[in-house]
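J.: Take this structure, written in structure tokens, and hold onto it; I'll ask about it next.
Coordinate-derived values only; no laboratory data. As the structure is a computational prediction, the values presented were derived from the model and not from experiment. Neighbour counts run over all protein chains shown; Cβ positions are idealised from the backbone, glycine included.
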Amino acid sequence: MTAVPMISREPRQDRSRATRQRLLSAAVQCMAELGWSGATVAVVAERAGVSRGAAQHHFPTREDLVAGLIGHMSEVRAAEIGDLADDLRTGPRRTEKVLSALVELYRGPVFRAALHLWVAAAADEGLRERMRPLEAELGRVAHRMAVELLRVDEKQPGTRETVQATLDLARGLGLAELLHDDTGRRHRVLRQWARTLDLVLPAK
């Protein structure tokens, strides 16, 4: 008699997870396109094709949605880099290819959504406090991926700082392309920085 509820409950759990994912994917799109003021729970629900009541079941407030969104963006970033990892392990100009992949973390809708959140948090203390630990986790994910892809030993002096400088450079190049196409300059900068990394970073 106990097996029947489990069978009926599992599809409900699957549907709940699927609804949550649809909401988070829609939230990225809305935040990237409409910014903080436009990405309300109601708007996100409509974009996701979900009732407002169902959306509020998962995310009662927009702040709750933001908390879920940061975690979702971290997962998306990790998955994107994971898909590229095998192709970046060997081959000519490997370091430059890794840098190009890291720059992609700071381009596209996920980064635009995060940027809108940062700007909103700068003027909203409550949102800033909510985002601070989540943003720190996002940064740790990016740093961990950079260390793995660059195949460096962080125990060596200066390595951690060099990896962080690389991520700061990637973020800056991503920001530069928000208003205009900066492809040519980006490629030149990354090629030179790749040469620098090959000289200064001790490999594992």
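J.: Output ³J(HN,Hα) for the stretch 47-64: one whole-Hz value per residue in order, computed from phi by the Karplus curve 6.51 cos²θ - 1.76 cosθ + 1.60 with θ = phi - 60°, and x for Gly and Pro.
T.: Whole-Hz 3J(HN,Hα) from phi for the stretch 47-64: 5, 7, x, 10, 5, 5, x, 5, 5, 6, 5, 7, 9, x, 10, 5, 5, 5.
J.: Length gain on complete extension for the stretch Glu154 to Arg17, per 0.36 nm per residue less the alpha carbon to alpha carbon distance?
T.: 45.6 nm is the gain from fully extending Glu154 to Arg17.
J.: Also, quick follow-up: Taking H as built 1.01 Å from N, whose amide H comes closer than 5 Å to the amide H of Val152, not counting residues under 5 places away?
T.: Correct list: Lys204.
J.: What share of Cα pairs, in percent, lie more than 22 angstrom apart in the stretch 62-200?
T.: 41
J.: Separate question: Compute the FRET efficiency between Asp64 and Asp168 as 1/(1 + (r/R0)^6), taking r as their Cβ-Cβ distance and R0 = 30 Å, and round to the nearest 0.05.
T.: Computed FRET efficiency for Asp64 and Asp168: 0.50.
J.: So what's the back-of-envelope 222 nm ellipticity for the chain, counting only DSSP H runs of four-plus at -39500 (n - 2.57) apiece and dividing by all residues, rounded to 500?
T.: Helices in the chain give a 222 nm mean residue ellipticity of -27000 deg cm²/dmol.
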